[in-house]
Amino acid sequence: MRLLPPSLGVIGFGRIAQAVLSPLLNGESSRYSDILAVVGHEKSVQKLYGKFPDSLTLVAATDQRSKEVWKCPFQILAVKPQQLDDVVTQARQNSFSKESFTPVLISVMAGVSIDRLSNLFPDYICVRAVPNAPCSVGSGLTALVWCEDVTNEQKVIVRDIFHPVSEVFELPEKHIDAFLALTSSGPAYIAVVVEALADGAVAAGLPRDLALDLAKSTVAGTADLLIENNMHPAYLKEMVASPGGTTMAALRHLEKAKIRSALIEAVIVAAEKSKELA
């Protein structure tokens with residue numbers, strides 16, 4: 001289905017929106033002939049001007065053209081939570097004719113459930129999307145939660161937005177907090193692990209730059225090994241840890257330090273915080 005321009009509207013154009021839309025802006029999808037993005041201030045327009053192809057029209061919320069975003073058949077909501085009330089007001093003030101179509105609103109806002117979205121935007125088909133930071137390098141993970149009224153054709157179009165930058169999972173709302181705690185917060189956990197490994201190598205005598213590069217490559221290579229071979233982590237651990245060797249001694253120390261328990265609790269705490277924020 002070819003959508004007439006502007007075929008996709010974006011309310012808020014921060015890092016996540018830019019990461020998700022990068023393949024579309026660079027012509028990797030013929031579905032979108034034009035994309036209209038609305039940002040908060042004219043200063044933001046000037047800051048971003050020239051960084052993106054002509055397929056993107058970037059305007060400030062104070063610009064009259066910003067009202068056109070609410071007439072797009074597909075819209076991505078990527079504002080900060082404290083801006084949500086203002087966005088709801090704008091959507092209601094710039095309503096469209098339902099005789100032509102019912103637009104699809106895709107929210108990437110953390111902590112806003114699909115039920116709340118549907119209540120706030122009753123004239124829309126609502127979708128909740130939870131992408132993570134690695135989307136910016138095309139290695140992300142995204143969860144999608146559908147409202148009851150979404151059609152199969154609309155699902156295909158929404159999936160096509162996220163597929164170029166992430167693996168896509170369709171989940172019920174009850175699983176989103178755990179998904180977010182693992183995949184959205186997870187990169188921070190891994191960053192701490194990488195930093196700590198590098199610090200350990202520095203303490204053992206390696207130059208810092210080399211230690212950091214090696215730590216990054218070790219984590220990336222281990223992930224590739226697990227994924228490419230569909231390998232259980234326990235098998236890899238046993239493969240590397242020979243009896244009485246250096247790895248076994250290190251693993252014994254990690255178990256004493258309760259690192260496994262700390263990581264488990266980190267995911268649980270993040271999931272509980274996500275529920276609290278919602």
Quiz item: Does region 245-264 contain at least one residue that is of a type outside the set (Lys, Arg), modelled with pLDDT of 95 or more, under 30 Å from SER107 (Cα atoms) and out of contact with any strand residue (DSSP E or B) (no Cβ under 6 Å at 6 or more places or on another chain)?
Solution: yes
Quiz prompt | Residue list for region 79-94, filter: open to solvent by 90 Å² or more (accessible area, probe 1.4 Å) and assigned to a helix (DSSP H, G or I) | solution = GLN82, ASP85, ASP86, ARG92, GLN93
Practice problem: Take GLU153 and decide whether it is modelled with pLDDT under 95, out of contact with any helix residue (DSSP H, G or I) (no Cβ under 9 Å at 6 or more places or on another chain) and not hydrophobic (A, V, I, L, M, F, W, C). | Solution: yes
Quiz item: Across region 140-174, what is the number of residues that are in contact with a Phe, Trp or Tyr (Cβ under 9 Å, 6 or more places away or on another chain) and either open to solvent by less than 30 Å² (accessible area, probe 1.4 Å) or of a type outside the set (Asp, Glu) (or both)?
Solution: 14
Quiz item: Which residue, of SER274, SER184, is within 20 Å of the chain's Cα centre (by Cα), at pLDDT 95 or above, among the polar types (S, T, N, Q) and surrounded by 12 or more Cβ atoms within 10 Å (Cβ to Cβ)?
Solution: SER184
Quiz item: For ASN230, which of the numbered conditions (1) part of a helix (DSSP H, G or I); (2) under 26 Å from HIS175 (Cβ atoms) fails to hold?
Solution: (1)
Quiz item: Do the conditions hold for ILE190, that is, is it farther than 24 Å from PRO73 by Cα, modelled with pLDDT of 95 or more and open to solvent by 50 Å² or more (accessible area, probe 1.4 Å)?
Solution: yes
Quiz prompt | Number of the condition not met by LYS51 [criteria: (1) at negative phi; (2) free of Cβ contacts under 8 Å to residues at least 12 places away in the same chain; (3) more than 22 Å from the chain's Cα centre (by Cα)] | solution = (3)
Quiz item: Residues of region 42-62 being exposed (fewer than 15 other Cβ atoms within 10 Å of the Cβ) and either assigned to a helix (DSSP H, G or I) or at pLDDT 85 or above (or both), which ones?
Solution: GLU42, LYS43, GLN46, LYS47, THR62
Practice problem: From (1) modelled with pLDDT of 90 or more; (2) touching a helix residue (DSSP H, G or I) at 6+ places or on another chain (Cβ under 9 Å), pick out the condition that doesn't hold for PRO122. | Solution: (2)
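The values are calculated or read from the model by the stated rules, or taken from the named source; none is laboratory data. Because the structure is predicted, anything quoted here is derived from the model rather than measured. Every residue, glycine as well, gets a Cβ built from its backbone with ideal geometry; the counts of neighbours run over all protein chains shown. Quick note on the areas: whole protein, heavy atoms, side chains included, nothing else; ligands and nucleic acids left out. Shrake-Rupley method; radii C 1.70, N 1.55, O 1.52, S 1.80 Å.
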